[in-house]
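Note sheet for the following structure.
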Amino acid sequence: MYGQIAILALFAGLYAVVAGKIERTPVNGALVFVLFGLIMGPFGFAVFDGNTEAEALKLIAELSLALVLFVDASKVNFSVLAQVKAVPFRLIFLALPLSILLGFLIGSVVIDGVTALGLALLATLLAPTDAALGKPVVTSERVPSQIREGLSFESGLNDGVCVPIFLALLALSIGQAQGDAFGPLLGELILHEIGIGALSGLTVAFLAVMVIRASYRAGWVSEGWIYVPAAATAIAAFTSAQALDGSGFIAAFVGGLLFGALAGENGKKLTEPAEVTGDVLTMITWIAFGAGLVWHTYHAITWQILLYAVLSLTVVRMVPVWLVLRKQPLTLSEVLFIGWFGPRGLATVVFAMIVVTSPFPGADTIVATAICTVLLSVVLHGVTALPVIRRLFGKT
């Protein structure tokens, strides 16, 4: 165990000192981490045996996603968002349901051995996009602000919107609820997941900012510790919502929005350590993904699964986006750009881990399809981000 930790620490230190150079290339961090996991896992030197506990990996992935959502939300520019709100809201409330429906329909043709409920579950867990994988897009000043803010806000909110749908379908799939109870069950989950999640996030963030302000006024602030509360707030928002049967991801995102709005100019400075912590946990998640999840599922990947993964990243995402944005003040290239940059990442990994720990007929195929899609997304979205940005929006 100590040897594995030492290798992780050395790799993290090495990556940290060359990250700036790597970020200027088409090779993104997630791709580097997954490749390292593959090389050090059972496919390569077998330093990591690929037997990472699903529950442990799920927790790390959840905390990673919570920190990413919180930090990204805290950076939302509300003045820009108010001007371009039609884009993210159309993506979340129109394109997202259409993507789930289209994913289900294509799955019914392409995927064998999975029930209708399982196909709906698969389409739902592949619907959320990942802000972390799309980081070169949502942080590049070359990309128009309405596209950056739209994609960032969408990726922050859509996983939380998918949670109650996913949990309702999962409950039906494993026999915890009857089919005629789907409507009431979904309504109850929406109330709990989104309502409790949002309330938890707002409460924790508000109290945190009030305490930080009071501490500043009283002169109790220590420069060495003032950066801790933001990360603590993100984790507290996530875990408190989860403990109350709400959506921790909604809590993290909504809490980040309020934290950033109330913290003002100090918000970016205060959230920097939370961003670093999230980056470290994300690195561990992607390494474990390459060393463990890919190893355990690659044998189940068929040409049908590979085809569905490709269609999920293209047709299933891009057609609904084009349908809901074609009449917006965007060029066709910009609409296609938004459609393409809907990478699948941490949210899908978390959902897949929940399926792994709640087995039912067809679950192995669902998990293998999810892992295949995420792996393709890491590669394809990673290597195309900077070249496409330069091609469409110039080099400066």
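The values are calculated or read from the model by the stated rules, or taken from the named source; none is laboratory data. Everything numeric here is computed off the predicted structure, so don't read it as measured data. Ideal geometry is used to build each Cβ from the backbone, glycine not excepted, and the neighbour counts take in all protein chains shown. Side chains are part of the model used for accessible areas, which takes the heavy atoms of the whole protein and leaves out ligands, DNA and RNA. Shrake-Rupley method; radii C 1.70, N 1.55, O 1.52, S 1.80 Å.
Criterion applied to Leu185, Leu167 was being under 14 Å from Ala347 (Cβ atoms) and without any contact (Cβ under 8 Å) to a residue 40 or more places away in the chain, and the one residue passing it is Leu167. Select from the stretch 47-87 the residues that are of a type outside the set (D, E, K, R) and without any contact (Cβ under 8 Å) to a residue 60 or more places away in the chain and write down the one among them that is most open to solvent (accessible area, probe 1.4 Å). The extreme case among them is Leu59. Look at the stretch 219-233: where a residue is among the aliphatic types (A, V, I, L, M) and a partner is open to solvent by less than 20 Å² (accessible area, probe 1.4 Å), sitting 6+ places away or on another chain with Cβ atoms under 6 Å, you get Ala230/Leu270; Ala230/Thr271; Ala230/Ala274; Ala231/Ala274. Flag: Ile389 matches the condition of being open to solvent by less than 60 Å² (accessible area, probe 1.4 Å), over 19 Å from Ser312 (Cα atoms), among the aliphatic types (A, V, I, L, M) and at pLDDT 90 or above. Restricted to the stretch 91-142, and to residues there that are outside any loop (DSSP other than H, G, I, E, B), β-branched (Val, Ile, Thr) and over 28 Å from Phe253 (Cα atoms), the residue that is most open to solvent (accessible area, probe 1.4 Å) is Val109. The residue that is surrounded by the most Cβ atoms within 10 Å (Cβ to Cβ), among those in the stretch 258-283 that are within 14 Å of Ala66 (Cβ to Cβ) and aliphatic (A, V, I, L, M), is Ala274.
Going by the conditions given, is Ala61 among the small types (Gly, Ala, Ser), within 16 Å of Ala352 (Cβ to Cβ) and part of a loop (DSSP other than H, G, I, E, B)? Spelling it out, it is not the case that Ala61 is among the small types (Gly, Ala, Ser), within 16 Å of Ala352 (Cβ to Cβ) and part of a loop (DSSP other than H, G, I, E, B).
Looking across the stretch 331-362, just one residue is hydroxyl-bearing (Ser, Thr, Tyr) and within 16 Å of the chain's Cα centre (by Cα), and that is Thr348. If you check Gly37, Gly44 for being small (Gly, Ala, Ser), open to solvent by 20 Å² or more (accessible area, probe 1.4 Å) and in contact with a helix residue (DSSP H, G or I) (Cβ under 7 Å, 6 or more places away or on another chain), only one passes: Gly44.
Counting only residues that are modelled with pLDDT under 90 and acidic (Asp, Glu), which one in the stretch 124-173 is farthest from the chain's Cα centre (by Cα)? The extreme case among them is Glu141. If we keep just the residues of the stretch 5-31 that are in contact with a Gly (Cβ under 9 Å, 6 or more places away or on another chain) and hydrophobic (A, V, I, L, M, F, W, C), which is most open to solvent (accessible area, probe 1.4 Å)? Out of the qualifying residues, it is Val27. Hey, any hits in the stretch 290-303 for a residue that's within 30 Å of Ser377 (Cα to Cα), among the β-branched types (Val, Ile, Thr), part of a helix (DSSP H, G or I) and open to solvent by less than 60 Å² (accessible area, probe 1.4 Å)? Yes.
Out of Ile212, Ile190, Ile147, Ile194, one residue alone is out of contact with any Pro (no Cβ under 7 Å at 6 or more places or on another chain) and hydrophobic (A, V, I, L, M, F, W, C). It is Ile147.
The number of residues in the stretch 317-347 that are open to solvent by less than 40 Å² (accessible area, probe 1.4 Å), more than 25 Å from Ser64 (Cβ to Cβ) and not polar (S, T, N, Q) comes to 9. The residues in the stretch 143-163 that are surrounded by 22 or more Cβ atoms within 10 Å (Cβ to Cβ) and either of a type in the set (Ser, Thr, Tyr) or without any contact (Cβ under 8 Å) to a residue 24 or more places away in the chain (or both) can be counted, and the count is 2.
Scanning the stretch 308-322 for any residue that is farther than 30 Å from Leu186 by Cα, part of a helix (DSSP H, G or I) and not small (Gly, Ala, Ser) turns up nothing.
Remark: pairs (first residue in the stretch 108-123, over 12 Å from Val367 (Cα atoms) and without any contact (Cβ under 8 Å) to a residue 12 or more places away in the chain; second residue aliphatic (A, V, I, L, M) and open to solvent by 20 Å² or more (accessible area, probe 1.4 Å); Cβ separation under 8 Å; 6+ apart in sequence or on different chains) = Ser108/Ala116.
Within the option set Val80, Val47, being of a type in the set (A, V, I, L, M, F, W, C) and either assigned to a helix (DSSP H, G or I) or touching a Leu at 6+ places or on another chain (Cβ under 9 Å) (or both) holds for one residue only, Val80.
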